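Here the structure comes first, spelled out in structure tokens, and everything after it is commentary.
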Amino acid sequence: MIGRMRCAECQTTLSASATVCPTCLSKDAEQFRLPSQGRILSWTTIRRAPAGYPVTAPYNVVVVELLPGINITGRLAAQSPPPMMGAPVKSVGQEHGCELFEVTPS
């Protein structure tokens with residue numbers, strides 16, 4: 001499960017830097033867990049890593065839909081099969097603050 005914050009009043013999912021809910025202006029937030037499985041909505045292959053980024057290129061950055069309307073950006077683990085649109089994935093941890101996913105058999 002992936003941890004995130006949401007508004008305790010209206011249940012809106014909050015960004016990591018939010019201090020006030022953009023929907024109802026509440027300052028009360030609570031942690032909740034997202035499912036660790038989803039599907040790939042989009043991806044790109046990074047062939048030249050940005051300076052100071054501790055991952056060796058090439059690597060795949062993916063946008064994963066965990067629940068309807070809840071998308072998360074992460075990276076495919078090095079040992080993962082290649083990405084495909086709609087492919088099922090599961091979270092396999094975090095590395096350098098980035099969620100790692102792996103393509104799973106359908």
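If a/c stays under 1.5 just call it rounded; otherwise compare a/b with b/c (prolate if a/b is bigger, oblate if not). Do that for the stretch 46-102, with a ≥ b ≥ c from the square roots of the Cα gyration tensor eigenvalues.
It is prolate, given that a/c is not under 1.5 and a/b is the larger ratio.
Comparing S15, S36, S80, which has the greatest mean-square fluctuation in the GNM of the chain with Cα pairs linked when under 10 Å apart?
S15
Please find, in a Gaussian network model of the chain (springs between Cα atoms separated by less than 10 Å), the residue of T23, T73, T13 whose mean-square fluctuation is greatest.
Top of the fluctuation ranking is T23.
Leaving out ligands, DNA and RNA, what percent of the accessible area of the stretch 40-106 is carbon and sulfur, probe 1.4 Å?
55
Residue separation times 0.36 nm, minus the C-alpha to C-alpha distance between T44 and S15: what's the value?
Net length gain for the segment: 8.2 nm.
According to the square roots a ≥ b ≥ c of the eigenvalues of the Cα gyration tensor, what is the shape class of the chain, taking rounded for a/c under 1.5, prolate for a/b larger than b/c otherwise, and oblate for the remainder?
Prolate, since a/c reaches 1.5 and a/b exceeds b/c.
Counting only DSSP beta bridges with both residues in the chain, what percent are antiparallel, rounded to the nearest 5?
DSSP beta bridges in the chain are roughly 95 percent antiparallel.
In Å², what does the accessible area per residue of the chain work out to with a 1.4 Å probe?
Per residue, the chain has an accessible area of 63 Å².
The values are calculated or read from the model by the stated rules, or taken from the named source; none is laboratory data. Keep in mind that this is a model prediction, so the values were computed, not measured. Note: accessible area is taken over every heavy atom of the protein model, side chains too, but ligands, DNA and RNA are not part of it. Shrake-Rupley method; radii C 1.70, N 1.55, O 1.52, S 1.80 Å.
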